[in-house]
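The values are calculated or read from the model by the stated rules, or taken from the named source; none is laboratory data. Computed from a predicted structure; not experimentally measured. Every residue, glycine as well, gets a Cβ built from its backbone with ideal geometry; the counts of neighbours run over all protein chains shown.
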Amino acid sequence: MLYIDQYVYQNKLRITHPVERVVFAGVNLLCCVATGKPLVHLVVLALMLGLLVGFSKIPAFVIARLMFAPAAFLLLGGLAIAVNVGTSPERAADSLQLGPLYLGVTGQSLSLAAVTVSKSLGATSALYFLVLTTPLSELLYVMRMLRVPAVVIELTMLVYRFIFVFLETAFAMYNAQSARLGFVSFRCSLNSFGLLFANLWIKAFFRSQTVYNCLLSRGYDGTLAVLHPEFKFSPAVTAAFALLASGVIILAFAA
Amino acid sequence: MRQEILTADKITFTYLDGTTALHELSVKIPQGRRAAFVGNNGAGKTTLLLHFNGINRPDDGEVRYKERKLDYSSKGIKELRKNIGYVFQDTDSQLFAGSVYQDISFGPVNLGLPPAEIKVKLERVMRETGLLALKDKPPHALSHGQKKVVAIAGVLVMEPEVLILDEPTAGLDQVSASRVMDLLNSLNNTGTTIIFSSHNMDEVYAWADIVFVLKDGTIIAEGRPADVFRRRSVLQAASLRKPLVLELYDNLVSRGCLPAQAEAPATGEALLLLLGAHDVRPETREGKSHVAGV
């Protein structure tokens, strides 16, 4: 499993204020989604990847691997948009005959595919910028500033924490089953997976009771209040982010 | 005789499934001491410990804190749990927040302290426990030993009078385990009463002032570790092993290889010193150096 988490905590862009990062990524994401200009999408993509590789010091191969999954998916999706199936080659710019059917592309479908792919890639990179530079505790801090209801923040915190515990438990059980040949055949696998799933539920139930006791022992009274870290704005960083963001806005919305 | 800080008076506790975990159990924990609970899995150690901070409520009998019956109202419970810290065996259940700093802040925030004061407390407890470097890490990025220290820090920050630890060194490597025990040492030296359970008889023998042996929900023996662990019938009944150092020492004395001391040596190092070794490492567990005849 690729634990992105550890890179997030070590990334060098963490010295900037979380609000700067959230706003910057948000503006870029919106510009990407709101406009159909491939140039803007590509500028955002280049900007995000450039900042990530150049300033966050997260290894380029990690970012490349992360980008690969959505990129592959988008290229296949783009292909489906670009290629139409028809019974005659009349309106296609170019076509390929397959028995009675024709696979064709038109100028319109090609440009629609290109815009969709570039838009999605740009938007994905903006999202990655946020995700890779901002640990969850900082996201929660911004959510709190935005007056997101406390229960949402508490749930997010618990889900984040226990997803790792859940995965660890699930993998430990999976390994224990594999060690006793639980997955040697399809039949075995189905049976083992069923057992694993059922046991995970039971474990989760018991653990939730222990967690509740732990919280009670530490004075839990209905709210999971913790002290949030404090961040300082630096004028230089804010200015740099603002400059880049306004460049993207101008590119996207100026006629 | 020292004052008792916690008392269980003939408590009986039955789980919802009908298992009677404790049966008319009575125990007195002296203030400022190190009390250990030993006994097999299922003997009732955890069930009993959870009575001391009001998580479990006895069906019969009563628990007293400083001679006063526990007040189970929400205000009383809050006050109790501030004073009696509890470190659970499973650290993954205890740590819930996204970072070490936030997790440790949970207790003091619940106490309603002003943020400035909480920050000072957090800073101090993280310095004392050596966690400053891990401040922003999420719990799942820590080793088991580190998680245990974070769990303890999250309780210490409330400055409890009594610290209860359920098998604090279970599953820890030697270095982490002795870090935890050193931490408990310095706490105990500043007056905190320590109550812990353990399956490591050598650790209990070297470290505890008073040991309680549990079997099937009752206390079958209590006293100073050297006395309790010499009672063969007790060890047999609770299927415990005699601590190695004590076993060796008693054997050496009975064979005439060593003159009998007023106090049996508490640690391997102390025993080696008695045997005339000169190159053993100095005693690290202060306060238990029986060799000097303390």
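Close Cβ contacts (under 7 Å, 6 or more residues apart or on different chains) running from residues in the stretch B:76-93 that are more than 7 Å from every other protein chain (Cβ to nearest Cβ) and closer than 24 Å to A:Phe166 by Cα to residues that are of a type in the set (D, E, K, R) and assigned to a helix (DSSP H, G or I) comprise B:Thr91/B:Lys147; B:Thr91/B:Lys148.
Tell me yes or no: at least one residue of the stretch B:17-34 is in contact (Cβ under 8 Å) with a residue 12 or more places away in the chain, out of contact with any Gly (no Cβ under 8 Å at 6 or more places or on another chain), within 14 Å of another protein chain (Cβ to nearest Cβ) and not polar (S, T, N, Q). No; the residues of the stretch B:17-34 include none that is in contact (Cβ under 8 Å) with a residue 12 or more places away in the chain, out of contact with any Gly (no Cβ under 8 Å at 6 or more places or on another chain), within 14 Å of another protein chain (Cβ to nearest Cβ) and not polar (S, T, N, Q). Residue check: B:Lys137 meets all listed conditions (1) more than 23 Å from the chain's Cα centre (by Cα); (2) within 11 Å of chain A (Cβ to nearest Cβ); (3) not in a loop (DSSP other than H, G, I, E, B) but one, namely (3).
Out of the residues in the stretch B:109-134 that are small (Gly, Ala, Ser) and over 22 Å from B:Arg81 (Cβ atoms), state the one that is nearest to the other protein chains (Cβ to nearest Cβ).
At the first step, the residues of the stretch B:109-134 found to be small (Gly, Ala, Ser) are B:112, B:116, B:130, B:133.
Subsequent filtering for residues that are over 22 Å from B:Arg81 (Cβ atoms) retains B:116, B:130, B:133.
Working: B:Ala116: 11, B:Gly130: 19, B:Ala133: 12 Å.
Per the stated criteria, the residue is B:Ala116.
Selection within the stretch B:58-85: residues that are farther than 28 Å from B:Gly18 by Cα and among the charged types (D, E, K, R). The member of this set that is surrounded by the most Cβ atoms within 10 Å (Cβ to Cβ) is B:Lys82. Within the stretch A:173-221, being more than 14 Å from chain B (Cβ to nearest Cβ) and of a type in the set (Gly, Ala, Ser) holds for A:Ala176, A:Ser178, A:Ala179, A:Gly182, A:Ser185, A:Ser189, A:Ser192, A:Gly194, A:Ala198.
Could you please let me know if B:Ile55 is within 26 Å of B:Asp209 (Cβ to Cβ) and buried (at least 22 other Cβ atoms within 10 Å of the Cβ)? Explain how you work it out, then say what you get.
Values: within 26 Å of B:Asp209 (Cβ to Cβ): yes; buried (at least 22 other Cβ atoms within 10 Å of the Cβ): no.
So B:Ile55 fails the test.
Does B:Leu214 satisfy the condition of being buried (at least 20 other Cβ atoms within 10 Å of the Cβ), among the aliphatic types (A, V, I, L, M), within 29 Å of B:Thr47 (Cα to Cα) and in contact with a Lys or Arg (Cβ under 8 Å, 6 or more places away or on another chain)? I'd like the intermediate steps shown before the answer.
On the way: buried (at least 20 other Cβ atoms within 10 Å of the Cβ): yes; among the aliphatic types (A, V, I, L, M): yes; within 29 Å of B:Thr47 (Cα to Cα): yes; in contact with a Lys or Arg (Cβ under 8 Å, 6 or more places away or on another chain): yes.
When the stated conditions are applied, B:Leu214 passes them.
Evaluating B:Arg231 against the criteria (1) buried (at least 17 other Cβ atoms within 10 Å of the Cβ); (2) assigned by TED's automatic domain parsing to the domain that holds B:Leu50; (3) over 26 Å from B:Ile84 (Cα atoms) leaves one unmet condition, (1). Every condition in (1) in a loop (DSSP other than H, G, I, E, B); (2) of a type in the set (D, E, K, R); (3) surrounded by fewer than 20 Cβ atoms within 10 Å (Cβ to Cβ) is met by B:Lys119 except one, and the failing one is (1). Pairing residues of the stretch B:38-57 that are at pLDDT 90 or above with residues that are in a strand (DSSP E or B) and of a type in the set (D, E, K, R), at Cβ distances under 8 Å and at least 6 apart in sequence or on separate chains, gives B:Gly39/B:Lys215; B:Asn40/B:Lys215; B:Ala43/B:Lys215; B:Lys45/B:Asp166; B:Thr46/B:Asp166; B:Leu49/B:Asp166. For the stretch B:178-187, the count of residues that are in contact with a Pro (Cβ under 7 Å, 6 or more places away or on another chain) and within 14 Å of another protein chain (Cβ to nearest Cβ) is zero.
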